Amino acid sequence: MADKRREAAKRFAAAWKGRGYEKGDCQPFWMALLRDVYGVEHPEEYIRFEEQVRVNAQQSEDIRRLSAPVDHTSFIDGYIAETRVMIEQKSLGKDLSQTIKQSDGSQLTPFQQAKRYVVELPVSQHPRYVITCNFAEFWVYDMEKPSGEPEKILLKNLADEYYRLDFLVDKESEHLREELAVSVRAGEIVGMIYDAFAKEYINPASARAMRSLNILCVRIVFCLYAEDSGLFGDRGAFRKYLSSFDIIHMRRALIDLFKILETPLEERDPYIMRGEPLLASFPYVNGGLFANEDIEVPVFTEEIRRLLIEEASEGFDWSKIGPTIFGAVFESTLNPETRRSGGMHYTSVENIHKVLDPLFLNDLKTELKDIKSESPSGGKTRRLKTFQRKLASLTFLDPACGSGNFLTEAYVALRRLENEVLREFGKKQIIFADVSTSPIMVSLNQFYGIEINDFAVAVARTALWIAENQLMHETETIVQMPLDYLPLKSYANIVEANALTIDWETVVAKDKLTYIMGNPPFVGARLMSAEQKQELNSIFAGWKNAGNLDYVCCWYKKAADFMTRTKIRAALVSTNSVAQGESVANLWKPLFEKIHFDFAYHTFRWDSETHLKARVHCVVIGFSTARNNKPRIIYYDDREQEAKNINGYLVDADNVFIERRTEPLCDVPPISVGNQPIDGGHYILDEEEARALLDK
């Protein structure tokens, strides 16, 4: 795909070299760019040209200084509503940094001209990006940083830099940025609530208090989300309920609410409706989130009351959080280790898709696109129904699922494909009139996880429930019928266990499973705890040099054993050490008797935190045991390469292994350790120390 886009960009740049008249060539230039390079099928519907805008004399200060105070009508050269991009086009040869005389007599640079249009648009139409262009150069201004320097892309370099204009068509990018900002802010609010409650526990360091505090925060977050997304009926129901109590009685009110949310309507005290109508109005949630666990709820303070009612409820819209990101941010916010280090960890959606897309999503998207392009008389409806049933039959396991971000994003991806199917049904006037039967077939029951941390398990389930609710709202707008979400009917099968000691088949039967995926923990061979080393030795019992393997190798081995004689496909993220040095021969030489690599991402930087930005250099390896005719793919940054074979070093070559030797290949002195800086820096000498050593 990347090679095709590079070629298309190269052809486009060649075709427009030395051409470009502002008025006559603007529209064909941009429509050709969108169609030929960025794959927009109907660019004439995607981009709008020459939109009128009434420029008012009352402008921002920097424009007023340069403009004559006269109202007049101007025209926006180009505007892409879906990705919020405004284009100000000039003729070839025009200097984009120089001012140009306007029709009202003012002198403005192309960017100042565009900014003058922006202030006259409704706020909802304000562009995220402004591009000034003279056919040879694209100057890109990010309006989140309107005073910053533009990024400059030359037409002649477009073949190598086409990806820098992906925002023209990347509808997800802006959405993901907003989701990230909202989710991180949500995490900060949760952190404040956590700290406020923690101070009120009698023994905050006890295991019971910490577990209680975590469960309390998960429940509160669900209530905040439920009131903003309409799950509790009246928006603001949680706030109104808590606000009706003074500080002394708020603790008991919250405990009563948790109890009512876990109680089916038919089992509730009939006198509650008459005596406590606000409490009685809450629905039955189900799912175990509010199960009657023995948890401590501390007394309320003025600070807690303010945080819950004003900061968290009134001051924030929880319905906009992105469950994939928020699950990880939420877990990290309340994780004592990351709280001590001052960072919130999350795995970017972009990096998650490095696993999901080549593992299953690319094939599903291609299959659906093929079905949608079929003529109505060619059995299209039948194929759509078969495809929907296929989506509902796929089963996923993340054996180190943490806060469930891989499972959540996989669920979101499948449901969005299903919504496309339902949208196609709507075009064919297939009506979903039976309100007793949901048109949705994809279910949380298809997603399994194993996680050793009890709190992460609770967060993962909550993130999946939030994702399910958000996608259900999308489906309601497509099928034009209300869908019942509560009580929860489907369950995420997240098991609290050690993935290296539990039999995975007790979680999900291997003959039912389709895909294994995830991001197992990275711990170096020399940095493992005694318990982790024991787990590794158990997994690799009888293997040569197993003690030199990193902890993550356990998941590759256990997955390979589990997949034997099945059609299961897997993809795991790990540090690039598994494809370097001794690990290649130690790990892959024996495993290649069972598996082969289907695809691999060469080393890339895996950003996993919002604040600390700790960076791990990783690879993604997709593998299976069953032979197939699919081409094998190696991904290098923004390009991909078909391979006849992918070996343990992640290159297209035969399966050769460089094994550890104790004797040199030729007549040279032996090396005892080599370059292995694991001595804490004690062998590193400064110039004076080195000279003294040599003198001796």
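Quick notes on this one:
- Contacts under 6 angstrom Cβ, first residue in region 570-591 being within 18 Å of residue 616 (Cα to Cα), partner at pLDDT below 90 and aromatic (Phe, Trp, Tyr), 6 or more apart: 575/522
- Scan of region 375-391 for residues that are open to solvent by 40 Å² or more (accessible area, probe 1.4 Å) and either more than 30 Å from residue 513 (Cβ to Cβ) or among the small types (Gly, Ala, Ser) (or both), ordered by number: 375, 376, 377
- Scope region 568-603; condition of a type in the set (Asp, Glu) and over 26 Å from residue 513 (Cβ atoms); matching residues: 582
- For first residues located in region 278-303 and small (Gly, Ala, Ser), partners that are not in a loop (DSSP other than H, G, I, E, B) and lie 6+ apart or on another chain with Cβ distances below 7 Å form the pairs 280/272; 280/273; 281/237; 287/465.
- Residue match in region 653-673 (condition: at pLDDT below 80, over 18 Å from residue 555 (Cα atoms), among the charged types (D, E, K, R) and surrounded by 15 or more Cβ atoms within 10 Å (Cβ to Cβ)): no
- Boolean, residue 271 is farther than 18 Å from residue 216 by Cβ and modelled with pLDDT under 85: no
- The criterion of at least 3 residues that are open to solvent by less than 30 Å² (accessible area, probe 1.4 Å) and within 29 Å of residue 467 (Cα to Cα) is met by the following strands (runs of 3 or more DSSP E) wholly inside region 484-602: 515-518, 569-575.
- Residue satisfying all of: in region 199-244; among the polar types (S, T, N, Q) and part of a helix (DSSP H, G or I); surrounded by the most Cβ atoms within 10 Å (Cβ to Cβ) among these: 214
For every residue, the table says whether it meets (1) among the small types (Gly, Ala, Ser); (2) touching a His at 6+ places or on another chain (Cβ under 7 Å); (3) surrounded by fewer than 13 Cβ atoms within 10 Å (Cβ to Cβ); (4) over 21 Å from residue 21 (Cα atoms).
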{"site": "87", "(1), (2), (3), (4)": "no, no, no, no"}
{"site": "95", "(1), (2), (3), (4)": "no, no, yes, no"}
{"site": "109", "(1), (2), (3), (4)": "no, no, no, no"}
{"site": "131", "(1), (2), (3), (4)": "no, no, no, no"}
{"site": "136", "(1), (2), (3), (4)": "yes, no, no, no"}
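- Filtered residues of region 111-129 (kept if hydrophobic (A, V, I, L, M, F, W, C) and open to solvent by 60 Å² or more (accessible area, probe 1.4 Å)): 119, 123
- Scan of region 337-374 for residues that are open to solvent by less than 10 Å² (accessible area, probe 1.4 Å), modelled with pLDDT under 70 and in a helix (DSSP H, G or I), ordered by number: none
- Residue within region 24-40 that is at pLDDT below 90 and either of a type in the set (S, T, N, Q) or open to solvent by 70 Å² or more (accessible area, probe 1.4 Å) (or both) present: no
- Conditions (1) in a helix (DSSP H, G or I); (2) within 14 Å of the chain's Cα centre (by Cα); (3) modelled with pLDDT under 90; (4) not aliphatic (A, V, I, L, M): number failed by residue 332: (2)
- One residue from 253, 312 being part of a helix (DSSP H, G or I) and within 28 Å of the chain's Cα centre (by Cα): 312
The values are calculated or read from the model by the stated rules, or taken from the named source; none is laboratory data. Please read these numbers as outputs of a predicted model, since none were measured by experiment. Glycine gets a Cβ as well: all are built from the backbone with ideal geometry, and neighbour counts include every protein chain shown. For the accessible areas, the whole protein counts, side chains as well, though only heavy atoms, and no ligand, DNA or RNA atoms are used. Shrake-Rupley method; radii C 1.70, N 1.55, O 1.52, S 1.80 Å.
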